[in-house]
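**Student:** Structure provided below as structure tokens; questions to follow.
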Ligand SMILES: NC(=O)c1ccc[n+]([C@@H]2O[C@H](COP(=O)([O-])OP(=O)(O)OC[C@H]3O[C@@H](n4cnc5c(N)ncnc54)[C@H](O)[C@@H]3O)[C@@H](O)[C@H]2O)c1
Ligand SMILES: [Zn+2]
């Protein structure tokens, strides 16, 4: 089993990656937190019906009460009201300050459970057992928790690191292929911004990874987690280096907002956002056209990505968010080589607009 340590200002926590880890979860958990009388598991009915028996089975020999707390699947339930309901259910079930929560689901459940743990009785412990590719390599690592407001995503939240993250790649066997491909965009992103060898490995192994090869998926997860863990360990609160993880996200988030989060999965929007970032970087001669081409080709192997309807002007306005009147130049993550990205502060509106136009042209050729 590989163990990756994430360091924060106050605590360090381990991320374990191993196929079939779910079957031995109870003993691994005990090593981290000791004996526990009750464990509250936030999950969805779908995930519990597919994987709950293995989850519960690992605790069968111990006197641990497993209390599932169900939330419906979907981003639209990632809201304060759901957290309030969960907290009330916990009170009624007798959960005290020493209670342990486990997030057993994708990023939506992970973010919500982390937030619930941060708030419940002013803060209790929680562990992550992520079940989507995206949550295994991205959202479960780094301690960011939160929920959406009607006026915007992830606007209420807190930093609350889990006590441990348990990743079982076998759980991904029931994940819809589109979710796997979309999540894998974040692996390509991680390789582009920080690991040229991983990038070359992905070029070699992407086909078998997407076909579900267990060994390759496990290796891709481990490496992606390691890249994110190193970055967030160096910069927990996103003051500098953590910004690099936003590669492709300036334009990607603009696309998600402009299409009201309905047309594309997160990774699909980020794929288009990365194309814009590549074009911008090549236009200022910060990245060679040959390397940009390799990144583009690897990214498109995760497609085809849906086309969307939005003008370049609308997307440009969305990239500035609510700060648009303040800015003529903005912060941007520039890929400068395969394996290296930098944060710059001087990207002009004209440059960004040109890059968005160029991305939209590519979409006409390569979107579905
Ligand atoms: N905290 C962070 O740092 C961070 C980083 C990135 C993204 N996020 C958040 O993560 C969320 C997206 O996470 P996601 O992509 O995991 O989406 P998700 O949690 O909505 O899961 C996607 C879908 O897959 C289903 N599913 C989950 N696991 C499954 C399995 N093993 N088999 C079959 N179906 C399964 C879910 O029910 C859901 O319908 C967003 O809310 C985003 O804001 C947070
Ligand atoms: Zn992302």
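The values are calculated or read from the model by the stated rules, or taken from the named source; none is laboratory data. Remember, it's a predicted structure, so these values are computed and weren't measured experimentally. Note that we place each Cβ from the backbone using ideal geometry, even for glycine, and neighbour counts take in every protein chain shown.
**Student:** Being in contact (Cβ under 8 Å) with a residue 40 or more places away in the chain, in a helix (DSSP H, G or I) and not assigned by TED's automatic domain parsing to the domain that holds residue 225 is the requirement here; does residue 54 meet it? Lay out the reasoning, then the answer.
**Tutor:** Values: in contact (Cβ under 8 Å) with a residue 40 or more places away in the chain: no; in a helix (DSSP H, G or I): yes; not assigned by TED's automatic domain parsing to the domain that holds residue 225: yes.
No: the conditions fail for residue 54.
**Student:** Can you tell me which residue in the stretch 287-313 is farthest from residue 133 (Cα to Cα), limited to those that are free of Cβ contacts under 8 Å to residues at least 60 places away in the same chain and surrounded by fewer than 16 Cβ atoms within 10 Å (Cβ to Cβ)?
**Tutor:** 313
**Student:** Kindly establish whether residue 172 is farther than 18 Å from residue 78 by Cα and within 10 Å of ligand 1 (Cβ to nearest atom). Quick ask: steps written out before the conclusion?
**Tutor:** Values: farther than 18 Å from residue 78 by Cα: yes; within 10 Å of ligand 1 (Cβ to nearest atom): yes.
Yes.
**Student:** Determine whether residue 269 is within 20 Å of the chain's Cα centre (by Cα), under 30 Å from residue 10 (Cβ atoms) and without any contact (Cβ under 8 Å) to a residue 40 or more places away in the chain. Give the steps one after another, and end with the answer.
**Tutor:** Numbers: within 20 Å of the chain's Cα centre (by Cα): yes; under 30 Å from residue 10 (Cβ atoms): no; without any contact (Cβ under 8 Å) to a residue 40 or more places away in the chain: yes.
For residue 269, the condition - within 20 Å of the chain's Cα centre (by Cα), under 30 Å from residue 10 (Cβ atoms) and without any contact (Cβ under 8 Å) to a residue 40 or more places away in the chain - is not met.
**Student:** Further question on the same structure: Do the conditions hold for residue 114, that is, is it touching a strand residue (DSSP E or B) at 6+ places or on another chain (Cβ under 6 Å) and within 22 Å of residue 84 (Cα to Cα)? Steps first, please.
**Tutor:** Working: touching a strand residue (DSSP E or B) at 6+ places or on another chain (Cβ under 6 Å): yes; within 22 Å of residue 84 (Cα to Cα): yes.
Judged against the criteria, residue 114 is a match.
**Student:** Now for a separate question. Take the stretch 181-211 and flag every residue that is in contact with a helix residue (DSSP H, G or I) (Cβ under 7 Å, 6 or more places away or on another chain) and farther than 15 Å from residue 299 by Cβ.
**Tutor:** Listed by number, the residues that qualify are 194, 195, 205, 208.
**Student:** Something else: For the stretch 151-165, give me each residue that is more than 16 Å from ligand 2 (Cβ to nearest atom), more than 22 Å from residue 12 (Cβ to Cβ) and in contact (Cβ under 8 Å) with a residue 24 or more places away in the chain.
**Tutor:** 156
**Student:** Can you name every residue in the stretch 344-368 that is in contact with a strand residue (DSSP E or B) (Cβ under 7 Å, 6 or more places away or on another chain) and either farther than 26 Å from residue 224 by Cα or not assigned by TED's automatic domain parsing to the domain that holds residue 253 (or both)?
**Tutor:** First pass over the stretch 344-368, keeping only residues in contact with a strand residue (DSSP E or B) (Cβ under 7 Å, 6 or more places away or on another chain): 344-348.
345, 346, 347, 348, listed by residue number.
**Student:** So, one more: Taking the condition assigned to a helix (DSSP H, G or I), in contact with a helix residue (DSSP H, G or I) (Cβ under 9 Å, 6 or more places away or on another chain) and surrounded by fewer than 18 Cβ atoms within 10 Å (Cβ to Cβ), does residue 27 pass?
**Tutor:** Working: assigned to a helix (DSSP H, G or I): yes; in contact with a helix residue (DSSP H, G or I) (Cβ under 9 Å, 6 or more places away or on another chain): yes; surrounded by fewer than 18 Cβ atoms within 10 Å (Cβ to Cβ): yes.
So residue 27 passes the test.
**Student:** When the stretch 30-51 is examined, which residues are found to be touching a strand residue (DSSP E or B) at 6+ places or on another chain (Cβ under 9 Å), over 12 Å from residue 104 (Cα atoms) and in a loop (DSSP other than H, G, I, E, B)?
**Tutor:** Scanning the stretch 30-51 gives 36, 37.
**Student:** Residues 203, 186: which one is within 12 Å of ligand 2 (Cβ to nearest atom) and outside the structural domain of residue 29 (by TED's automatic domain parsing)?
**Tutor:** Details: 203 fails: within 12 Å of ligand 2 (Cβ to nearest atom).
After applying the criteria, what remains is 186.
**Student:** Here is a further query. Kindly indicate the residue of the stretch 104-147 that is assigned to a strand (DSSP E or B) and surrounded by fewer than 24 Cβ atoms within 10 Å (Cβ to Cβ) and also farthest from ligand 2 (Cβ to nearest atom) among those meeting that condition. Steps first, please.
**Tutor:** First, pick out the residues of the stretch 104-147 that are assigned to a strand (DSSP E or B): 104-105, 125-130, 144-147.
Then drop every residue that is not surrounded by fewer than 24 Cβ atoms within 10 Å (Cβ to Cβ), which leaves 125, 144, 146-147.
On the way: 125: 26, 144: 11, 146: 14, 147: 17 Å.
Result: 125.
**Student:** Something else: Would you check which residues across the stretch 220-268 are out of contact with any helix residue (DSSP H, G or I) (no Cβ under 7 Å at 6 or more places or on another chain) and within 13 Å of ligand 1 (Cβ to nearest atom) and list them?
**Tutor:** The answer is 229, 236, 237, 238, 246, 253.
**Student:** Output the residues belonging to the stretch 6-19 that are in a strand (DSSP E or B), more than 19 Å from residue 135 (Cβ to Cβ) and in contact (Cβ under 8 Å) with a residue 60 or more places away in the chain.
**Tutor:** To start, the set of residues in the stretch 6-19 that are in a strand (DSSP E or B) comprises 6-7, 12-17.
Going one step further and asking which of them are more than 19 Å from residue 135 (Cβ to Cβ), we end up with 7, 12.
Selection gives 7 alone.
**Student:** Of all the helices (runs of 4 or more DSSP H) wholly in the stretch 225-309, which have at least 2 residues that are over 16 Å from residue 361 (Cα atoms), within 13 Å of ligand 2 (Cβ to nearest atom) and not assigned by TED's automatic domain parsing to the domain that holds residue 106? Step through it out loud before you land on a result.
**Tutor:** Values: elements: 249-258, 266-283, 289-300.
In the stretch 225-309, the matching helices (runs of 4 or more DSSP H) lie at 249-258, 266-283.
**Student:** From the list 329, 269, 341, exactly one residue is crowded, with 22+ Cβ neighbours inside 10 Å and in contact with a strand residue (DSSP E or B) (Cβ under 8 Å, 6 or more places away or on another chain). Which is it?
**Tutor:** Values: 329 fails: crowded, with 22+ Cβ neighbours inside 10 Å; 269 fails: in contact with a strand residue (DSSP E or B) (Cβ under 8 Å, 6 or more places away or on another chain).
So the residue among 329, 269, 341 that is crowded, with 22+ Cβ neighbours inside 10 Å and in contact with a strand residue (DSSP E or B) (Cβ under 8 Å, 6 or more places away or on another chain) is 341.
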